[in-house]
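Asks: One structure coming up, written as structure tokens, with questions to follow.
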Amino acid sequence: MPTYKELRALADTLVENVTRDSTSWKEFLDSASYTYAYSFANQLLIHGQRPGVTAVATMEYWNRKAQRWVSRGSRGIAILDTHTERSRLRYVFAIEDTHANVSVPEAMPWAVTDTNRSELITRLLQSHSAQSLPDAIHFWAAECIAQRRVMFAQALSRAVTGSQLERHDAEEQRRMLEDLIQRSVVYMLLRRSGMQMEYDAATAFESVTEFNTIAAAVMLGSAVQQVSRPMLMELGRVVRQIDSVAKEHETVHTTI
């Protein structure tokens, strides 16, 4: 079992790895689009230890709320305990490490499917006065970033020292940060919606290499998490609402 100090060191290594090139950042976003409820440091730790997981939770959550038992011999994913000021670890388990006791749909991860996708797109287009889903998500992300612009600019000014960002003036640094946040968040939401981006994901995040210090990379990752979390939570809320309405209107077939 790792110590708290060892896990912090692992997080530092992982943040350098995921920002080394566009492809590594994209792979991290694939994971983060499912682990958006966790802090950036814990998103890194989950991605580094169990890449590709689509749902993680504590043993208590799986057992009590989802009515799924963690399988014997399953190895937990060590993360930092952000619910206390003490330096300690806690463990979460991937859904693949569990098996069902009874079905509790509302406690399971939400998913955009062929059944709810059309209605979801319709609602997002109406909410953001857009002509396409990518446009709607772009507009939405831009609004969320604008709300946090001052906070992000302050964080950026404290994190640029020693990074490649120092080659650019303050205005260009801010533009690069906001553009990368927006591209990252749009990618995450489109991925969860089962759609492809309108630009090549392999090259869309090339500027991530400018954030080549731990401080700059953590600032970027934290900003992406702060913007994506409420957006993905809202996306999930809408999906669950659509699914709930559809379930209430299911046709009941009576056999005579």
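The values are calculated or read from the model by the stated rules, or taken from the named source; none is laboratory data. On a predicted model such as this, the values are computed, not experimentally measured, just so you know. Counting neighbours? That spans all protein chains shown, and the Cβs are built from the backbone with ideal geometry, glycine included. We work out accessible area using only protein heavy atoms, side chains counted, and drop any ligands, DNA or RNA first. Shrake-Rupley method; radii C 1.70, N 1.55, O 1.52, S 1.80 Å.
Asks: Of the residues SER87, SER103, which single one is assigned to a loop (DSSP other than H, G, I, E, B), out of contact with any strand residue (DSSP E or B) (no Cβ under 7 Å at 6 or more places or on another chain), of a type in the set (Gly, Ala, Ser) and closer than 19 Å to THR3 by Cβ?
Replies: Being assigned to a loop (DSSP other than H, G, I, E, B), out of contact with any strand residue (DSSP E or B) (no Cβ under 7 Å at 6 or more places or on another chain), of a type in the set (Gly, Ala, Ser) and closer than 19 Å to THR3 by Cβ holds for just one of SER87, SER103, which is SER87.
Asks: Can you report the number of residues in the range 1-56 which are closer than 17 Å to LEU80 by Cα and acidic (Asp, Glu)?
Replies: Qualifying residue count, the range 1-56: 2.
Asks: Now a separate question. Can you tell which of ALA130, ALA159, ALA136, ALA153 is in contact (Cβ under 8 Å) with a residue 40 or more places away in the chain, touching a helix residue (DSSP H, G or I) at 6+ places or on another chain (Cβ under 7 Å) and small (Gly, Ala, Ser)?
Replies: ALA159
Asks: Determine whether LEU80 is touching a strand residue (DSSP E or B) at 6+ places or on another chain (Cβ under 8 Å), surrounded by 12 or more Cβ atoms within 10 Å (Cβ to Cβ) and within 29 Å of GLN173 (Cβ to Cβ).
Replies: Taking the combined requirement at face value, the residue satisfies it.
Asks: For the range 128-164, give me the residue count where each residue is surrounded by fewer than 13 Cβ atoms within 10 Å (Cβ to Cβ) and not in a helix (DSSP H, G or I).
Replies: The number of residues fulfilling the criteria is 4.
Asks: Within the range 53-67, work out how many residues are open to solvent by 40 Å² or more (accessible area, probe 1.4 Å) and in contact with a helix residue (DSSP H, G or I) (Cβ under 6 Å, 6 or more places away or on another chain).
Replies: Of the residues in the range 53-67, 1 are open to solvent by 40 Å² or more (accessible area, probe 1.4 Å) and in contact with a helix residue (DSSP H, G or I) (Cβ under 6 Å, 6 or more places away or on another chain).
Every residue, every condition in (1) at pLDDT 95 or above; (2) open to solvent by 70 Å² or more (accessible area, probe 1.4 Å); (3) over 25 Å from THR209 (Cβ atoms), yes or no:
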position	(1), (2), (3)
PRO2	no, no, yes
VAL15	yes, no, no
PRO51	no, yes, no
ARG86	no, yes, yes
ASP97	no, no, yes
